[in-house]
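Everything below concerns the one structure shown next.
Read-outs throughout are calculated quantities, based only on the coordinates presented, and are distinct from any laboratory measurement. These figures come from a predicted structure and were not determined experimentally. Neighbour counts run over all protein chains shown; Cβ positions are idealised from the backbone, glycine included.
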Amino acid sequence: MTYPFSVSLVSWHDGEPLLKSVREAVFIREQGIPAELEWDGLDEDCRHALVLSTHGEAIGCGRMQADGHIGRIAVLPKWRKQKVGTAIMEALLDYARAHDYPQVDVDAQTYAVPFYRSFEFNEEGEVFRDAGLPHVKMSLKLLPR
């Protein structure tokens, strides 16, 4: 399938301004997460998925920590329901498989649980609050290639 956007895996060093623009719009302004919680100091050591429109506008992002934790999946409002989040997850899961991660996990906002289930993630444990929002831990075992 051809999308009206492209997904690249980038370092924080190479993508910081564009990654920040999406996360500030979604997490800080839209969801009201305090900046000091959003900027947790972990970005330098993560692999980031950056989605650009055909016009070069940053429209989505996500990250994977070295331990296989996926997070900070964000898509600008006007690009939602257009498979941007799916493309981010596919890129991060492909990266995990290519680097022989046995498992990945997410702390999913509860409204996004069906999205992660579509990738065969399973819930683990009870709902908890992170940055004031309800989340649930989900994990996915990756099969060896």
* Say we join alpha carbon atoms closer than 10 Å with springs in a Gaussian network model of the chain; which of A98, A25, A66 then has the biggest fluctuation? -> A98
* Asked: Karplus couplings for the range 87-99 from phi (6.51 cos²θ - 1.76 cosθ + 1.60, θ = phi - 60°), rounded to Hz, Gly and Pro as x?
  -> 5, 4, 4, 4, 5, 5, 5, 4, 4, 4, 5, 5, 9
* Separation in nanometres of the label points that stand 7 Å from Cα toward Cβ, at S6 and L52 -> 0.6 nm
* To do: Would you please classify the overall shape of the range 77-122 from the alpha carbon gyration tensor, given that a ≥ b ≥ c denote the square roots of the eigenvalues, rounded means a/c under 1.5, and beyond that prolate means a/b larger than b/c while oblate covers the rest?
  => oblate
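About the Cα centre of the range 20-139, what is the dipole size in debye to 20, counting +1 per Lys and Arg Cβ and -1 per Asp and Glu Cβ, all else neutral? Working shown, then result.
Values: 14 positive and 20 negative charges, 131 e Å.
So the magnitude is around 620 debye.
Mind ordering 26-33, 67-74 by average Cβ neighbours within 10 Å, highest first?
Ranked from most to least packed, the peptides come out as 67-74, 26-33.
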* Asked: Roughly what would the spin-label model give for N122 and Q103, points 7 Å off Cα along C-beta, in nm?
  -> 1.0 nm
* What residues have an amide H closer than 5 Å to that of I73, excluding those fewer than 5 places away on the same chain, when H is modeled at 1.01 Å from N in the peptide plane? -> R63
* Solvent-free Debye scattering, log10 I(q)/I(0), computed from the Cα coordinates of the range 5-141 at q = 0.11, 0.14 Å⁻¹ -> -0.36, -0.60
* Asked: Residue-wise, which Karplus ³J(HN,Hα) couplings in Hz belong to the range 124-138, taking 6.51 cos²θ - 1.76 cosθ + 1.60, θ = phi - 60°, and x for glycine or proline?
  -> 9, x, 8, 5, 9, 9, 9, 6, x, 10, x, 9, 9, 6, 9
* Asked: Given H placed 1.01 Å from N in the peptide plane, which residues other than close sequence neighbours of I33 have an amide H under 5 Å from its amide H?
  -> I28
